[in-house]
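Here, each number is a calculation from the coordinates, and none is a lab measurement. These numbers come from a predicted model, not from an experiment. Cβ: placed from backbone, ideal geometry, glycine included. Neighbour counts: every protein chain shown.
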Amino acid sequence: MAATYKAVEVASPGKLNLVTRPVPEPGPGQVRVRVEAAGICHSDVATVEAVFPGIQYPRVPGHEIAGCIEALGENVSGWKTGQRVGIGWFGGQCGHCESCRRGDFVNCENLIISGITTDGGYAEVVIVESRALASIPDGVTPADAAPLLCAGVTTYN
């Protein structure tokens, strides 16, 4: 495995750079996914143009991600390396704020959002919370799966 990976990061509002970064190890409850496809969503503009409140740079955009699990962090169960997965907008919740204590996770005050609060899929690898993963069935290509993880869900709902 290579020690570095390439990513497109937003260095500051409106400024995109192709960068090389060291490959990170997943923390507890996280996985590292080798990105095979990343959809382009209008919401990615929130990252590029600093529309989302409190966004911190540099940040790698992208929340429509399809790939394969490359490494598991501690305490990850139900997933295995090589498994095909997708990651969408909802990347996890804090579990401590008032909304989380009521079970209203989507309104978490500290919501994890790939490409906004954490680095996203415009990269060769991404670290994500294992609880944010969706299994991609055999026969569905990464290019078909990636946009379904946001736009497809929105349209379906």
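5 Å is the cut-off here: which amide hydrogens, built 1.01 Å from N in the peptide plane, fall below it relative to V140, excluding neighbours closer than 5 in sequence?
The list, which skips near neighbours in sequence, is empty: none.
Out of residues 5 or more away from G92 or on other chains, whose amide H comes under 5 Å of its own, with H placed 1.01 Å from N in the peptide plane?
Long-range HN contacts for G92: I112.
If we count other beta carbons within 10 Å of each Cβ, what is the order of I136, I65, I127, fewest first?
Fewest-to-most ranking of I136, I65, I127: I127, I136, I65.
Tell me the net charge near G27. Cut-off is 14 Å between Cβ atoms, G27 excluded, with +1 for each Lys or Arg and -1 for each Asp or Glu.
Neighbourhood net charge equals -2.
Got a sec to turn the phi values of the stretch 67-76 into Karplus ³J(HN,Hα) couplings, 6.51 cos²θ - 1.76 cosθ + 1.60 with θ = phi - 60°, whole Hz, x for Gly and Pro?
Once θ is set to phi - 60°, the couplings for the stretch 67-76 become x, 10, 5, 9, 7, 10, x, 4, 6, 9 Hz.
Please rank R84, R21, fewest neighbouring Cβ atoms within 10 Å first, as an exposure proxy.
Fewest-to-most Cβ neighbours within 10 Å comes out as R21, R84.
Cut-off is 10 Å between beta-carbons; in what order do Y57, Y122, Y5 appear when sorted fewest neighbours first?
Ordered from fewest to most neighbouring Cβ atoms within 10 Å, Y57, Y122, Y5 come out as Y57, Y5, Y122.
Along the Cα→Cβ direction, 7 angstrom out, place labels at T81 and V51. What is the inter-label distance in nm?
Distance between label points: 4.0 nm.
Tell me which residues come under 5 Å, amide H to amide H, from Q83 once H is placed; ignore anything under 5 positions away on its chain.
I69
Each residue of the stretch 8-18 in turn: what ³J(HN,Hα) in whole Hz from Karplus with 6.51, -1.76, 1.60 and θ = phi - 60°, glycine and Pro shown as x?
Couplings: 9, 10, 8, 7, 7, x, x, 10, 9, 9, 8 Hz.
For L18 and M1 in the same chain, what is the full-extension length gain: residue separation times 0.36 nm, less their Cα-Cα distance, in nm?
Gain on stretching L18 to M1: 4.1 nm.
Applying the Karplus parametrisation 6.51 cos²θ - 1.76 cosθ + 1.60 with θ = phi - 60° to the phi angles of the stretch 90-106, what ³J(HN,Hα) value in whole Hz is obtained for each residue in order, glycine and proline being reported as x?
6, x, x, 9, 6, x, 10, 6, 4, 4, 5, 5, 8, x, 9, 4, 5
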